[in-house]
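To start, the structure itself, in structure tokens.
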Amino acid sequence: MNDKYSPSEIESAARAHWQQLDAYRVSEDQSKPKYYACSMLPYPSGKLHMGHVRNYTINDMLARQLRMKGYNVLMPMGWDAFGLPAENAAIKNKVPPAKWTYDNIAHMKGQMQAMGLAIDWSREVATCQPSYYKWNQWLFLRMLEAGVAERRTQVVNWDPIDQTVLANEQVIDGRGWRSGALVEKREIPGYYLNITKYADELLSAVANPEDPNYLSGWPERVRLMQENWIGKSEGVRFAFPHQITQADGKLIQDGKLYVFTTRADTIMGVTFCAVAPEHPLATHAAAGNAQLAAFIEECKTGGNTEAELATQEKKGMATGLFVTHPLTGAQVEVWVGNYVLISYGDGAVMGVPAHDERDFEFAKKYGLKIQQVVAVEGQSYSLEAWAEWYGDKQRGVCVESGVLNGLAYKPAVDKVAELLGAQGLGEKKTTWRLRDWGVSRQRYWGTPIPIIHCDACGAVPVPEKDLPVVLPEDVVPDGSGNPLNKHAAFLNVACPSCGKPAQRETDTMDTFVDSSWYFMRYCDAGNEQAMVGAGTKYWMPMDQYIGGIEHAILHLLYARFWTKVMRDLKLVDIHEPFTKLLTQGMVLKGAFSHKPEGGGKHYYWEHEVEVQTNEHGQIVGGKLKSDGTPLDYEMTTMSKSKNNGVDPQQLIDQYGADTARLFVMFASPPEQTLEWNDAGVEGAHRFLKRVWGYGAKQAEAIQAAGRDFAALNDEGKALRREVHLVLKQVSYDYERLQYNTVVSGTMKLLNALEGFKAQGQGAAVREGYSVLLRVLYPACPHLTHALWQQLGYANELGDLLDAPWPQVDEAALVQDEIELMLQVNGKLRGAVKVAAAADKATIEAAALAHPEFIRFGEGKPAKKVIIVPGRLVNVVV
């Protein structure tokens with residue numbers, strides 16, 4: 001065999017071997033335990049990044065090791081191919097999104113194949129293919145029939161110049177990302193999925209360990225994030241009565257301004273109410289108040305999500321209207337607040353500035369009254385600064401609250417609910433932060449919503465026989481609205497009910513729809529007759545899901561919801577889609593940047609920088625080679641935008657895929673962040689060269705070695721013991737997906753083999769190297785495959801793909817003789833060798849007879865001999 005490690009030659013030959021075998025195609029084999037391991041499918045942006053390499057290598061190690069253990073393992077791959085980036089790229093490059101997407105898929109697939117991933121490509125899906133999104137449409141129609149989907153109005157971001165709806169991420173500082181126009185809030189019709197019907201069930205599986213479907217295999221952090229997002233709140237919904245009438249003399253909203261609160265115990269501290277800019281009371285007040293009308297228009301250009309509202313400045317304006325406090329009869333002023341969402345609850349909140357931090361800041365800004373109504377013993381209230389205990393419902397009791405005085409939180413809430421209920425103005429209620437999922441997107445590159453609009457019949461579902469409604473792929477968007485509105489061949493159609501001229505729905509589905517069930521389609525990718533079938537029944541639920549923490553809420557929550565809907569429609573039998581979840585850490589790398597006086601932040605490639613280090617060799621900064629500009633240095637996420645990305649293809653071309661795989665597994669535990677280190681990559685490559693070099697050097701000896709371990713001498717037995725000790729630890733590390741310590745274990749094995757110099761112990765060497773190759777194989781499949789074949793292991797144990805996982809030989813761990821550290825008066829003086837089964841008297845005798853004790857004991861008798869079994873013996877004189 002070649003003495004030199006040649007990654008490109010070795011890796012291309014290994015991939016050709018696997019391709020010839022069609023090695024990764026799997027079927028539903030009932031004779032083996034199944035294991036479904038899946039990475040979150042990527043968006044085909046053009047190139048893989050190192051985050052992809054890390055994610056897929058984790059999955060690949062898991063799949064390959066379990067296959068060796070006898071599992072039937074499925075590792076599929078697909079493409080989350082619809083979405084806004086393709087439209088943006090199409091506008092920029094003047095090409096159809098379809099061409100851009102399919103070209104990117106082809107390139108990225110080639111990169112994945114170069115990594116040697118054990119993917120069953122026969123199950124590949126791209127969500128932009130009609131054969132896939134047909135089933136989005138089919139299930140959407142089933143949801144309409146079941147009442148899970150419905151059409152209603154929604155508040156959207158509207159760009160008045162481009163005449164299009166914008167996603168939240170397309171609104172920058174209140175303006176359209178392309179036109180720069182001030183974005184307006186408009187209420188338009190769209191389709192919603194009633195995820196709130198499943199709120200209790202979705203919450204229970206992440207928050208209740210007693211639930212039979214509790215997701216114990218998920219990180220606690222992710223369960224908590226979902227629990228908070230679902231946001232179950234128990235409180236009181238009640239009304240502030242009023243006599244405010246509209247132009248026709250009728251009371252607005254029947255004379256009741258409803259709010260919901262979890263802090264009904266603070267009701268006596270209400271000093272104002274705030275309503276959303278779109279609330280009927282705000283509209284009524286603005287009709288005669290130009291200043292208020294202008295403020296409401298200003299509010300419409302802000303954000304419309306909780307996240308945006310949490311960070312923007314809180315603004316308000318008085319309406320001049322008053323409502324009545326339901327318990328005291330006091331008049332309460334109504335304000336319009338930019339932080340109140342019309343889509344949340346009743347679009348109004350009660351303002352209790354003494355015990356809510358947001359209300360506290362608002363009241364101080366506008367000079368509103370702050371009335372303390374909860375006190376904590378030993379604490380004094382200040383009107384100057386917010387204190388944590390002001391909002392602590394567990395510690396305080398009611399004060400200045402009439403009949404509530406002296407009551408703690410729960411009794412006070414009960415009493416308020418009783419008093420309000422007696423007036424017919426309120427009751428206890430459970431609310432949810434979770435909102436129904438609006439799936440309509442006024443964009444082109446997505447799944448067409450299968451609805452036809454007829455002037456006579458209204459919104460008519462597309463008949464099942466006419467699915468899929470195919471999205472035209474020759475369209476080149478120009479940024480001025482949804483191009484489907486101008487595509488006559490797509491738009492104009494006969495009504496399925498009456499046959500009259502009608503028009504298709506031009507909204508497309510949210511791309512989260514595509515990713516909510518793709519993992520089930522992998523199981524039945526070729527099934528043209530049904531959305532899912534026997535494959536899904538065999539493979540689901542997924543055993544291990546792998547992806548980034550950024551998907552912890554929406555994607556995972558929607559996938560769970562979608563699974564429950566499919567269950568209720570009798571398509572699947574499972575309650576939860578993912579048994580275990582691993583959220584891998586981000587890949588970080590140093591970046592050099594400069595903040596010019598005019599603002600912004602510019603990043604520079606390392607080759608443009610004269611790097612500065614401290615006395616320890618650590619990078620602390622740099623300066624531009626071109627003009628000496630001082631630069632800051634930070635460890636941050638690796639990305640092209642920060643000029644600190646590493647192209648996986650360049651890494652593969654230079655070092656080979658196995659080096660790239662080994663480094664990303666060794667650098668840190670899978671769930672933690674990985675700091676990129678060029679020296680670490682070179683170190684991984686040197687290690688693989690050592691593995692290859694050892695195999696080449698020992699090839700003849702390994703091939704000629706016997707199998708008789710009984711003939712081993714003490715050195716051979718010691719090597720074998722070391723190999724099986726490491727194997728025991730590595731096998732445990734594989735079970736817990738701690739692949740960084742797996743790689744450490746392979747390094748220990750190679751060190752033990754390289755350090756073994758005894759002659760005539762070929763059986764121990766042959767076995768040890770066999771264990772090393774099998775343990776290293778899931779991380780570095782190409783190199784280990786080549787060595788396995790060339791050294792003859794395949795003749796005995798078969799192809800490395802399906803070679804049996806090495807088993808720990810407990811007999812090899814048993815020592816005939818052990819070494820104990822020898823201490824004299826607590827100081828280390830040497831080591832004592834004794835039989836492994838030696839009793840206390842034998843150990844004492846050996847210690848007292850040891851030359852080092854005789855030397856350091858200075859002839860004094862031993863007062864005491866202390867033995868720590870298996871570790872040390874300490875002689876006290």
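The values are calculated or read from the model by the stated rules, or taken from the named source; none is laboratory data. What you see is a predicted model; the values in this text were computed from it and never measured. Every residue, glycine as well, gets a Cβ built from its backbone with ideal geometry; the counts of neighbours run over all protein chains shown.
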- Please go through region 142-164 and pick out each residue that is surrounded by fewer than 18 Cβ atoms within 10 Å (Cβ to Cβ), in contact with a helix residue (DSSP H, G or I) (Cβ under 9 Å, 6 or more places away or on another chain) and of a type in the set (A, V, I, L, M). Ala146
- When you go through (1) out of contact with any Leu (no Cβ under 9 Å at 6 or more places or on another chain); (2) of a type in the set (Lys, Arg); (3) outside any strand (DSSP E or B) one by one for Lys185, which number turns out not to apply? (3)
- Message: Please go through (1) assigned by TED's automatic domain parsing to the domain that holds Val165; (2) modelled with pLDDT of 95 or more for Arg443 and return the number of the only condition it doesn't satisfy.
- Response: (2)
- Could you please give the count of residues in region 737-756 that are in contact (Cβ under 8 Å) with a residue 40 or more places away in the chain and out of contact with any helix residue (DSSP H, G or I) (no Cβ under 8 Å at 6 or more places or on another chain)? 1
- Query: Considering Ala86, Ala81, which residue is outside the structural domain of Glu464 (by TED's automatic domain parsing), farther than 22 Å from Gln544 by Cβ, crowded, with 24+ Cβ neighbours inside 10 Å and modelled with pLDDT under 95?
  - Reply: Ala86
- Task: Report yes if some residue within region 742-765 is in a helix (DSSP H, G or I), aromatic (Phe, Trp, Tyr) and farther than 24 Å from Gln544 by Cα; otherwise report no.
- Result: no
- Query: On the given criteria, is Leu62 within 29 Å of Asp678 (Cα to Cα) and surrounded by 24 or more Cβ atoms within 10 Å (Cβ to Cβ)?
  - Reply: yes
- Residue pairs meeting the criteria (Cβ under 6 Å; at least 6 apart or on separate chains; first assigned to a helix (DSSP H, G or I), in region 354-366; second β-branched (Val, Ile, Thr)): Asp359/Val352; Ala363/Ile370
- Task: List the number of the failed condition for His616; all other conditions in (1) surrounded by 16 or more Cβ atoms within 10 Å (Cβ to Cβ); (2) over 21 Å from His49 (Cβ atoms) hold.
- Result: (1)
- Query: Before we move on, is Glu427 farther than 19 Å from Thr261 by Cβ, within 41 Å of the chain's Cα centre (by Cα) and of a type in the set (D, E, K, R)?
  - Reply: no
- Note on the structure: Condition set surrounded by fewer than 18 Cβ atoms within 10 Å (Cβ to Cβ) and at pLDDT 95 or above, scope region 236-252, selection nearest to Leu434 (Cα to Cα): answer is Pro241
- Message: For region 619-648, which positions are assigned to a loop (DSSP other than H, G, I, E, B), surrounded by 12 or more Cβ atoms within 10 Å (Cβ to Cβ) and free of Cβ contacts under 8 Å to residues at least 24 places away in the same chain?
- Response: Lys625
- Item | Condition check for Ala81: out of contact with any Gly (no Cβ under 8 Å at 6 or more places or on another chain), touching a residue at least 24 places away in the same chain (Cβ under 8 Å), among the hydrophobic types (A, V, I, L, M, F, W, C) and part of a helix (DSSP H, G or I) | no
- Item | Single condition Leu407 does not satisfy, out of (1) surrounded by 14 or more Cβ atoms within 10 Å (Cβ to Cβ); (2) outside the structural domain of Thr164 (by TED's automatic domain parsing); (3) within 30 Å of Arg152 (Cβ to Cβ) | (3)
- Task: Mind counting the residues in region 707-722 that are crowded, with 18+ Cβ neighbours inside 10 Å and aromatic (Phe, Trp, Tyr)?
- Result: 0
- Item | Filtered residue count, region 819-847, keeping only those that are farther than 25 Å from Asp714 by Cβ and either modelled with pLDDT under 90 or not in a strand (DSSP E or B) (or both) | 2
- Task: Report, by residue number, each residue of region 304-322 that is hydrophobic (A, V, I, L, M, F, W, C), modelled with pLDDT under 95 and either assigned by TED's automatic domain parsing to the domain that holds Glu184 or in contact with a Leu (Cβ under 9 Å, 6 or more places away or on another chain) (or both).
- Result: Leu309
- Note on the structure: Selection over region 517-562 where residues are surrounded by fewer than 23 Cβ atoms within 10 Å (Cβ to Cβ), without any contact (Cβ under 8 Å) to a residue 60 or more places away in the chain and β-branched (Val, Ile, Thr) yields a count of 1
- Hey, can you tell me all the residues within region 220-259 that are closer than 17 Å to Ala559 by Cα and touching a strand residue (DSSP E or B) at 6+ places or on another chain (Cβ under 9 Å)? Val222, Ile230
- Working only within region 475-531, note down all residues that are in a strand (DSSP E or B) and not charged (D, E, K, R). Asn492, Val493, Ala494, Pro501, Ala502, Gln503, Thr508, Met509
